[in-house]
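What follows is a set of notes on a single structure, which appears directly below.
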Amino acid sequence: MSRVTQRASELALNETTVTALRAALKTTADEVVQAIIDEVPPYANALSGSMGGTIRRAVRTALGHYLDLASGNATGGDGGDAAYELGRGEVRDGRSMDALLSAYRVGARVAWRCLAAGAVSAGLPAAEVAKFAELTFAYIDELSAASAAGHADELAARGRAHERHLEHLARDLLADVSPDVLLVSAQRAGWQPPDSLTAVLLPAAQARPAYRALDPSTLVLDDLPDATGVLLVPDADRSHLLRQLTDRTAVVGPARPWTRASASYARALRARSLSSDIRDTEDHLPELVLSADVDAYADLRARALAPLHTLPVTTARRLEETLRAWLLHQGRRDEVAAALFVHPQTVRYRMSQLRELFSDLASPHRVLELTLAVGLRPVDAYFDRPRTPGGSRHRARCPSRDGSAFDSK
């Protein structure tokens, strides 16, 4: 309050004026509070009862200190700390900065009207009344600024705490903790659980920009390993979400009940490990199913396609290509020929070779096994993957649905 203190030294109200003004402090405080109740809607009910009494006493105290300044009798301290705490308290009570500043404007007007009436009645000269007015509004401006600072600081602190709670909730969701723990985390964060959550993986640098275009209840983390970010989007319209992410390097997992968001996240992670070209995991379910146990899939291929291993590699690849088209087109020769760009007689010849190699080709179990074995493999797939001395298979290259390769372990 250094500026006000400096101006107060130039005024120094006489004792007669100060005594008259002090006598009217209670009335002044009552009028200030009543005007705020009448003119600032957020305070209509807030300043009634015991709360109203507390505020009236606070107003009297602030105005009493002001009169100490104006008379040159201030003994130290000011109302700045109390005004700052008032601003913080307004946040806790749910009132906005606009409401707080409106209350100060109304209070300043009414307080000056009462103080001016008392000063004039006490015979304060007109020139001194002008100085008194300037000092009054300067004092209330500084109180208002202190309250605004308290309000802003409390909002910032609450915002940071809220962000921490939301991040903690997101980590709990990805960690697949129990529903009871998730409910506690959601309540602490003030987050209303949706029916479902959809996990979106994308580079960490894109997480926040993408988040700004989505539902504001979306949870976001941008500090995961490998510079990865994740969004957990509530009750997403999938087609709309995919359009919103068109220009981003994103992998979208399936929608899952909100307490099982970790399942959506896990699928998106696995899809990203299969191919950098996957965006919508729903378009790649066969790959995801068959890659769930890569070693078992390799064993299935080795067993199902064992008859081909006795042939030259080129012949084996050609027959696998034919077998795959035959299975996918359900044995319709003309469609198989069109898919392979060969004559139907060529298909007939190759299928006769395959029937010699696979004597039980008409068996439903054999059809299922071969469909799984060749369904995802390109024509130039490896037919033999040597085992390491410990029995595990070497790391191989497996294709995605669109023919691109992905690493499998």
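The values are calculated or read from the model by the stated rules, or taken from the named source; none is laboratory data. Computed from a predicted structure; not experimentally measured. Methodologically, a virtual Cβ is constructed for each residue, glycine included, from the backbone with ideal geometry; neighbour enumeration extends over all protein chains shown. Side chains are part of the model used for accessible areas, which takes the heavy atoms of the whole protein and leaves out ligands, DNA and RNA. Shrake-Rupley method; radii C 1.70, N 1.55, O 1.52, S 1.80 Å.
Computed quantities for the displayed model
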| item | result |
| --- | --- |
| The chain, accessible area per residue, ligands and nucleic acids excluded (1.4 Å, Å²) | 51 Å² |
| For the chain, share of DSSP beta bridges that run antiparallel, in % to the nearest 5 | 95 percent |
| Mean ellipticity per residue at 222 nm, deg cm²/dmol - from DSSP H runs of n ≥ 4 across the chain, formula -39500 (n - 2.57) | -20000 deg cm²/dmol |
| Dipole magnitude (debye, nearest 20) for the chain, charges at Cβ of Lys, Arg, Asp, Glu | 1520 debye |
| Nearest-0.05 FRET efficiency for Arg238 and Arg188, computed from C-beta distance (R0 25 Å) | 0.25 |
| Debye intensity ratio in log₁₀ form over the Cα atoms of the stretch 185-250, taken at each q of 0.19, 0.23, 0.29 Å⁻¹ | -0.71, -0.99, -1.33 |
| The chain, relative contact order [Cα under 8 Å, separation at least 6], % | 11 percent |
| Largest-first principal axis extents, alpha carbons of the chain, Å | 123, 42, 37 |
| Pairwise FRET efficiency - Ala58 versus Ala23, Cβ, R0 = 30 Å, nearest 0.05 | 0.95 |
| Pairwise FRET efficiency - Thr371 versus Ala227, Cβ, R0 = 35 Å, nearest 0.05 | 0.35 |
| Loop-resident sites, the stretch 205-270, for trypsin sites (Lys or Arg not before Pro), counting at most 13 other Cβ within 10 Å (DSSP) | Arg212 |
| Rg(Cα) / (2.2 N^0.38 Å) computed for the stretch 270-362, rounded to two decimals | 1.27 |
